[in-house]
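Engineer: Next up is a structure, given as structure tokens.
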Amino acid sequence: MLTPERHQLILQIIKEKPIVKIQELVDLTEASESTIRRDLTILEEGKFLKRVHGGAARLRGKLQEPSMIEKSTKYLQEKRQIAQYAASLVEEGDSIYLDAGSTILEMVSFLPVKDIVVVTNGLMHLPQLLERNIETYVIGGYAKPKTNAIIGRGALASLEQYRFDKCFLGVNGIHPHSGYTTPDQEEALIKQKAMTLSRETFVLADDTKFSEITFAKIADLHEAAIITNTIDEDHKGQYTSKTSIKVVTS
């Protein structure tokens, strides 16, 4: 089978199945494993798919945005591991910003209660923060129903009143060249502003976010450290050359 024919077949399979294993592609194309790996690398560089451990996956649409309820039920164990480690970075006397992400939501139950201040645009974070008697400020603005996030011009103006020791963000895509991205440009602006007001920024993301690119850019990789549950060894160097990554294992 010629290379263009293999590439066309691989892309067709990816359309039909969200994730395909290398061995499946070897069997279908009758090519060697090394050849399939090269094919996947070429197709990933062309932004047709993304490599995952042991295979390849379909890229999400640039504007595809799951609701907060949908996100909060996926990869829950991985998110909790990431969130617990992130919360351990919060020290007594810190003022912190908590973004309206589903992994950030998991942080709340692990936060130290004593002598910290939280500022957030995440409406779903509030019940737990109040229940735990954590001093909390909510920025003003438009309440976006799909993600339960406060965004817009009022939110940007409200954020300007604060300064943070640490900022914790969720993102939809992490890419070595395109950086951190999210489908909504209004949410991207809030994340950008919070980063500029903070001494340190941490992006909390499970491994499905790597190699994804969504519509609105937030920042370049070097502008935040990454906390994740795992990272494919084939791709690790592309990210660690540009920022620090903490891989949290159970």
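Engineer: Of all residues in the range 15-27, count the ones that are more than 13 Å from D39 (Cα to Cα), assigned to a helix (DSSP H, G or I) and touching a strand residue (DSSP E or B) at 6+ places or on another chain (Cβ under 7 Å).
Structural biologist: 0
Engineer: Suppose we keep only residues that are open to solvent by 10 Å² or more (accessible area, probe 1.4 Å) and either under 25 Å from A188 (Cα atoms) or assigned to a loop (DSSP other than H, G, I, E, B) (or both) within the range 219-234. Which one would you say is modelled with the lowest pLDDT? If you could, list the steps in order and put the result at the bottom.
Structural biologist: Going residue by residue through the range 219-234, those that are open to solvent by 10 Å² or more (accessible area, probe 1.4 Å) are 220, 222-223, 225, 229-234.
Still in the running and either under 25 Å from A188 (Cα atoms) or assigned to a loop (DSSP other than H, G, I, E, B) (or both): 220, 222-223, 225, 229-232.
Values: D220: 97, H222: 96, E223: 97, A225: 97, N229: 93, T230: 90, I231: 87, D232: 80.
Only one residue fits best here, namely D232.
Engineer: In the range 160-217, how many residues are among the aromatic types (F, W, Y) and closer than 16 Å to T243 by Cβ?
Structural biologist: Step one: list which residues in the range 160-217 are among the aromatic types (F, W, Y), which gives 162, 164, 168, 180, 202, 210, 215.
This time we only want the ones that are closer than 16 Å to T243 by Cβ, so: 168, 180, 202, 210.
Number satisfying all stated conditions: 4.
Engineer: Can you tell me which residue among Q185, Q128 is free of Cβ contacts under 8 Å to residues at least 60 places away in the same chain and farther than 20 Å from I82 by Cα?
Structural biologist: Q185
Engineer: Filter the range 101-131 down to residues that are at pLDDT below 95 and in a loop (DSSP other than H, G, I, E, B) and give me whichever is nearest to the chain's Cα centre (by Cα).
Structural biologist: G101
Engineer: Then there's this: Here's a check for you: in the range 155-205, which residue that is part of a helix (DSSP H, G or I) and basic (K, R) is least open to solvent (accessible area, probe 1.4 Å)?
Structural biologist: K191
Engineer: For the range 3-49, enumerate the residues that are of a type in the set (D, E) and surrounded by fewer than 12 Cβ atoms within 10 Å (Cβ to Cβ).
Structural biologist: Of everything in the range 3-49, those that are of a type in the set (D, E) and surrounded by fewer than 12 Cβ atoms within 10 Å (Cβ to Cβ) turn out to be E5, E16, D27, E30, E33, E45.
Engineer: In the range 94-135, how many are buried (at least 24 other Cβ atoms within 10 Å of the Cβ), closer than 17 Å to L197 by Cα and not β-branched (V, I, T)?
Structural biologist: 5
The values are calculated or read from the model by the stated rules, or taken from the named source; none is laboratory data. None of these values were measured; they are calculated from a predicted model. All Cβ positions, even for glycine, are placed from backbone atoms using ideal geometry, and neighbour counts span all protein chains on display. Side chains are part of the model used for accessible areas, which takes the heavy atoms of the whole protein and leaves out ligands, DNA and RNA. Shrake-Rupley method; radii C 1.70, N 1.55, O 1.52, S 1.80 Å.
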